[in-house]
Structure formats: C-alpha cells, structure tokens
1. Tally the residues that are under 22 Å from Leu94 (Cβ atoms), small (Gly, Ala, Ser) and surrounded by fewer than 17 Cβ atoms within 10 Å (Cβ to Cβ), restricting the search to the range 340-385.
2. Picking from Glu88, Glu37, which residue would you name as being in the same structural domain as Lys8 (by TED's automatic domain parsing), among the acidic types (Asp, Glu), modelled with pLDDT of 95 or more and surrounded by fewer than 22 Cβ atoms within 10 Å (Cβ to Cβ)?
3. Among the residues of the range 53-61, are any touching a Lys or Arg at 6+ places or on another chain (Cβ under 7 Å) and either under 30 Å from Val400 (Cβ atoms) or in the same structural domain as Lys127 (by TED's automatic domain parsing) (or both)?
4. Would you kindly identify the strands (runs of 3 or more DSSP E) lying entirely within the range 98-165 that contain at least 2 residues that are closer than 30 Å to Leu418 by Cβ?
5. Only one residue in Glu153, Glu184, Glu163, Glu170 is among the acidic types (Asp, Glu) and at pLDDT below 95, so which one is that?
6. Can you pull out every residue in the range 32-45 that is in a loop (DSSP other than H, G, I, E, B) and either among the hydroxyl-bearing types (Ser, Thr, Tyr) or more than 11 Å from Val6 (Cβ to Cβ) (or both)?
7. What pairs come out if I take residues in the range 214-237 that are free of Cβ contacts under 8 Å to residues at least 40 places away in the same chain and pair them with residues that are of a type in the set (Asp, Glu) whose C-beta lies under 8 Å away, six or more apart or interchain?
8. Could we say that Arg95 is in a helix (DSSP H, G or I) and exposed (fewer than 15 other Cβ atoms within 10 Å of the Cβ) here?
Amino acid sequence: MAFEIVAKKLTYGGDALGHHEGRAVFVPRVLPGESAEVEEVRVAKGVVHARPLRILDPSSDRVDPPCPYFGRCGGCHYQHMASERQAEVKTEILRETLRRTGKIFWEKPIQVRAAHPWNYRNQAQLKVAWQPDGRLEAGFFEADSHRLFPVEECLILSPRLNEVLRRLREGRWPPAAAGCREIELLADDRDKQVVAVLRGNFRPEEGERLAKEIMGAIPVIAGVAVESGGRLRAFGATHLTYSVGEFRYQVSPGSFFQVSRFLLADLVSSVCDVSRGAFALDLFAGVGLFTLPLARRFEQVTGVEASPTAAADLAANAKAHSLANVRTKAATAEEFLRRFAQKGIDLAVLDPPRAGVGAGVLKALAGLQPKQIHYVSCSPPTLARDLGILAARGYEVGSVEMFDFFPQTYHVESLVRLVHRAA
C-alpha cells in the first residue's frame, strides 16, 4: 500500500528517515525536505522499510543521476544529490553518530576533504556469471539483494578498471571460467597496471589456464592470483606497486589497501602529522601505509598486522626503504597487546576494518596510556562506540576530520585525534 512521507534527514546507510502513523520509515533515494509517495517493502522491529514511487516535492539539492544503473545497482546511494552537498550531509551524519552512539559531543568544526566525485576507485570486486558461449557477465549486487546486476561501465571506477571490465565482458573464456564467482581488480597509482584475483572453485590446472588466458588477452593485467579451496596461487606479477608520496608500497593479492586514489596522500599526511618522538605503534598496519612515513618521525615504529600476506608486504616495504627502525609483528592487535608491556608510547595509530577495534583491544591499549591515538575509521557507528570506550579511560578528542573518499555512496572515512588527559 502506498503512502506519503516527508523526509527529515539522511541516515548512515543511505536511506532517508521519515515517519508515518507513528512509525519510523526508511526509504532510499529521497532527500531531506522532500515529500514522497512510497510503498512498504518490509517491517523489522517496528521500523518500516519502503521504496520510493514518486517524488512529490523535489529538493533543490536533487540532480539527475548520470548513471543509467542508479537505483538498481547497489553500489551507489547518493547520485541523486549534488556532490558538494554529499560531503556536508556525511559530516552531519558523522557528528550526530558520535553524539548519539558514543556520547561524544563534538561541537567544533570538522575539517572536510572531498575527493573528485567520479572515477576515484582503484579497486573493484566484480561479481561474475558465465554464459554457455564463454561470455562473462560482470557487475555488482543488485540493490538490497545478492543477485548479480551486470554493468557495462561503472562511473566511480578508474578509467583503467573500466577498460578491464569492458575487455573481460568482450572476451570468450574457456569452460574452466565457469568456476569463477568473483574477480577483484586493483590498479596502481598511475592507473596503468592491474592485478586480479579470481575467486571460486577451480582445479589447479583450470585456474592456471584461465589466469594465463586473461593475462594474454588483457596486457594491462600484470598478474593474476587464483583463490580456490583456501589456497592462493599467483601467476605473472606477484604483487602491485603503489606509490603514495615518497613511499612505494608492495601490495600482494590478499593484502588490504585503500581503494580511493585521490585523497590517499592527504590521509597519510594527516595521520602522520605529529611531533617527533621515541616510539609509535601502528595497529592494523596492513602493508605499512602509515608505518613507513611514521618511521621518518619516530626512533622506533612497530607495525602489527593479522594477515600474514600483508605483514610480509609490510616487512618487505620497510626493507625496501631501508627503515631499520620498523619492526613487523604478524599478529592480531589483541594477541600483540596481550604480550606487549612497553610503556612510553608516544603515538598509537588505529585503522581497523568496519567492525572497529572493540572493547578488549581498547582497554588493553588504554592501559598502556599512549600519549596520543590517531583513529582512522570507515564506519561512524563503530568509531563512535570505540571513542566512548576511550573517553571513559582518560582520552579526549582533539580534532575530527572527514575524508569523502567515496562520493556517490554513504560511506564515510574519518580521522579522530585523541590525547590522554595525563599527557
């Protein structure tokens, strides 16, 4: 049944919030202040989730989405809103989430850094299916589903990744390709070379054949890794080299690396903007994005990374830059802190996955009383939760920055600097 709502605000996740007959209504692709005719899709815990049927009173912030797939493909959420307004909305969401979830009442300005709104992604996880004639369908999940939505071009992918997408769709691939369910692509900082990871179920000879055929047909793909049955086999180039500022990072298949190419140097600069000191700790270090530049400012830096592949990359990157003051620990943050008892930490950097750091790790870290903590987050709700834990253990927020790494989507990257009250 259709009904009308007036959207009050946008929420983290991309939906607008309105109310109808005393119940909260969440609906995508509607902007604050707009009245819209919507239709109920489901009700969960008393909250109505709806889909828009008609915009009755458009906002002045509304624009025509340039992508023909918008609204069906689940990759983008804000193409109907002017790009400059998107960053403002995300800042408001970040501030409100800090207040509501973490009881962090940050009323001072939040510095905003916005990326170019299009062609910014240097990484793509393509969902794939195969036709009987060997053609590939590639794209992303359809909105609110796990069904493949094929696309010919994605406006937020880099030009090189769009070229690879086109070449993959045009090719005729061997029967072995039918076992592939996902292709992950990563382009270098120049948007020239690409490495790919094929995920699915392959016999060893099938995976090798497909990898070699793809490299032969698409020369910009320098290396292909095949992930099947818990094993990863690499063919061609075994890693990609990605430059950020003065540092060059080895990134192997399976290692995490930031996926937005325009603001990366700004993020590194902000995270590492700190007075020189004796010791810095980089938890969730990955391949060393922050560890390496921190080594120029601290006498000793320890990078802690749970992924063996990424930890190996970190050690190789430190060696390649002759940074003898970097120590690499291949362990989870929890495992490392359980054994670590060194006081006198000048700076701890946290860059966790979307799930955040969590109470156990934060309590152990706070017990060591690092003078400063720089927390990089891709999830305002888990950031707010974790900041609340740190605030209860003597830390105050010194500054908040929002990096709009992902225009056209609801995703928010932020940096919060904290200082211990006793420092």
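The values are calculated or read from the model by the stated rules, or taken from the named source; none is laboratory data. A quick note: this is a predicted structure, and the numbers were derived from the prediction, not measured. Here the Cβ is made from the backbone with ideal geometry for all residues, glycine too, and neighbour counts use every protein chain on show.
1. Result for the range 340-385: 3.
2. One residue alone meets the criteria, Glu37.
3. Yes, the range 53-61 has at least one match.
4. Those strands (runs of 3 or more DSSP E) span 111-114.
5. Working: Glu153 fails: at pLDDT below 95; Glu184 fails: at pLDDT below 95; Glu163 fails: at pLDDT below 95.
Testing whether each residue is among the acidic types (Asp, Glu) and at pLDDT below 95 leaves just Glu170.
6. Lys45
7. Close Cβ pairs satisfying both conditions: Val226/Glu208; Arg233/Glu208; Phe235/Glu208.
8. Working: in a helix (DSSP H, G or I): yes; exposed (fewer than 15 other Cβ atoms within 10 Å of the Cβ): no.
When the stated conditions are applied, Arg95 does not pass them.
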